[in-house]
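Everything on this sheet refers to the single structure shown next.
The values are calculated or read from the model by the stated rules, or taken from the named source; none is laboratory data. Since this is a predicted model, take the numbers as computed values, not measurements. Here the Cβ positions follow ideal geometry from the backbone for every residue, glycine too, while neighbour counts run over all protein chains shown.
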């Protein structure tokens, strides 16, 4: 699987490396990204040099950079595709979150 090119024993060290490189980002956020994307978490964050570079926050810890990655690299098409199938964040999203995410996705297809 993409991003799974590491040994389980190296997971903590790889997350630590991410936390050093992106020391301005929350460790829980980085762990969530790594758990979803593995070594591709760096690709998700490749244009992030400051917290503001994460872009829009659609709720919980789903930022524009992740949505853009999912749309471009994993061909996500709908808010449900992202929140239910890929990130499992649907439990934390309300109707307004999904609506804003849907507007963004529609505009940026």
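When the criteria are applied in full, residue 93 fails the requirement of being over 11 Å from the mean Cα position of the chain (by Cα) and surrounded by fewer than 17 Cβ atoms within 10 Å (Cβ to Cβ).
Among the residues of the range 29-56, which ones are without any contact (Cβ under 8 Å) to a residue 24 or more places away in the chain and more than 11 Å from the chain's Cα centre (by Cα)? Selection gives 46, 47, 49, 52, 53, 55.
Looking at the structure I just gave you, is residue 28 outside the structural domain of residue 94 (by TED's automatic domain parsing), over 25 Å from residue 91 (Cα atoms) and out of contact with any helix residue (DSSP H, G or I) (no Cβ under 8 Å at 6 or more places or on another chain)? No: the conditions fail for residue 28. Applying the condition of being under 17 Å from residue 105 (Cβ atoms) and in a loop (DSSP other than H, G, I, E, B) to the range 45-63 and asking which residue is modelled with the lowest pLDDT yields 60.
Residue-level check: of (1) touching a helix residue (DSSP H, G or I) at 6+ places or on another chain (Cβ under 7 Å); (2) surrounded by 16 or more Cβ atoms within 10 Å (Cβ to Cβ); (3) assigned by TED's automatic domain parsing to the domain that holds residue 99; (4) in a helix (DSSP H, G or I), residue 34 misses just (3).
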